[in-house]
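Bear in mind that the values in this text are calculations on the coordinates, not laboratory data. The shown structure was predicted, so the numbers you read here are calculated from the model rather than taken from an experiment. Glycine gets a Cβ as well: all are built from the backbone with ideal geometry, and neighbour counts include every protein chain shown.
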Amino acid sequence: MDLTEQHSTWRWTSPVLNPERHSRNAVLLMAAWLTLASPPICAQVSYHVIPAGEPPIPGNSLPGDALADTHVGRGKNDIVQAWLAQPTRRYPHGVLGDTVEATAVRVRTRDGSVLSYVLPEDSVFEDLLPRVYDINRDGLDEIILVRSRQQSGASLISLGIRDGKLVSLAESEPMGNRNQWMNPIGVADVDGDGNLELLVVLSPHENGMLIEYKFDGLSIVPGHRISGVTNHIAGTRAQGMAALMDANGDGIPDVLIPSADRRSLRAITFSFGVPMEFARFSLPAPAAGNFENTQPRTLLIPLEDGRRVRIEWRGKE
Ligand SMILES: [Ca+2]
Ligand SMILES: [Ca+2]
Ligand SMILES: [Ca+2]
């Protein structure tokens, strides 16, 4: 495929499986068979290469005590804003552009008060954005952040307001070793079961692993995973080099993420109960920077050489 082509039609296979009626092994076998045996269905996808020189992604205004170069998370329920504060250099990993990390997260509540949660000496928030969602759909917001411990590396922590205090609600198992890190993508119901999953890349700088975590309000438990992806370049602040978007039009969000070498875009669905790649696009230069999907089913991918690729999906599988 000529990658300078401005409009292209791409193909992917589209197996139809019902994970509620089939065991996991049956789903895997059927998926493999259908992927090999089914004629590809023509999907309507356009692909554009955009010249360098586009304006940068707009910033946001930070509260006065927020760490520089971090971002404000915004909730829709009891948490209006969440931000990172109280800088430290006690965990000099430097994966996010400098060795200054936050030790506190603060929220502005719906009634206007400000609450704080401060980590103990053993850890920092190795993250730039408190992500605010009502993950378990109980009407109260949760914050999702990456916490890194001196001895055991990164974990995913959830916080929320209980009895007027900002408290830790749940935390995943730490990765195991100092300087092992994870980078969240976001929250979506990627398997269509009605519950939201947390999508995260473990070790994004070393043949990263895309994993879904389940959160029930009390625990964060790892689920299915697929390797060979990345959503971050070591030493940079851009944490958003992936997107959750329904690309194939089946009503279920998909994960759009670079391959580990950033030279391809992988489209992955969890809708069959296990993660499956349903499309892959070669990129004319390695992906580098935050993806944008401000329009439905349209993705803008910044490239290392300053150009961007725009991919638009149309129609249904
Ligand atoms: Ca909640
Ligand atoms: Ca789900
Ligand atoms: Ca989909």
Residues of the range 117-137 satisfying the condition of being away from ligand 2 (no atom under 16 Å from the Cβ) and in a loop (DSSP other than H, G, I, E, B): 119, 120, 121, 122, 126, 127, 128, 129, 130
Residues satisfying the stated conditions in the range 289-317, i.e. among the small types (Gly, Ala, Ser) and surrounded by 19 or more Cβ atoms within 10 Å (Cβ to Cβ): 289
Answer yes or no as to whether residue 224 is touching a strand residue (DSSP E or B) at 6+ places or on another chain (Cβ under 6 Å) and surrounded by 19 or more Cβ atoms within 10 Å (Cβ to Cβ). no
Return yes or no: is residue 266 away from ligand 1 (no atom under 16 Å from the Cβ), in contact (Cβ under 8 Å) with a residue 12 or more places away in the chain and within 14 Å of the chain's Cα centre (by Cα)? yes
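Name every residue in the range 130-158 that is of a type outside the set (Asp, Glu) and out of contact with any Phe, Trp or Tyr (no Cβ under 9 Å at 6 or more places or on another chain), in order of residue number. Let's see the steps before the verdict.
Let us first name the residues in the range 130-158 that are of a type outside the set (Asp, Glu), namely 130-133, 135-137, 139-140, 143-158.
131, 132, 133, 137, 139, 140, 151, 152, 155, listed by residue number.
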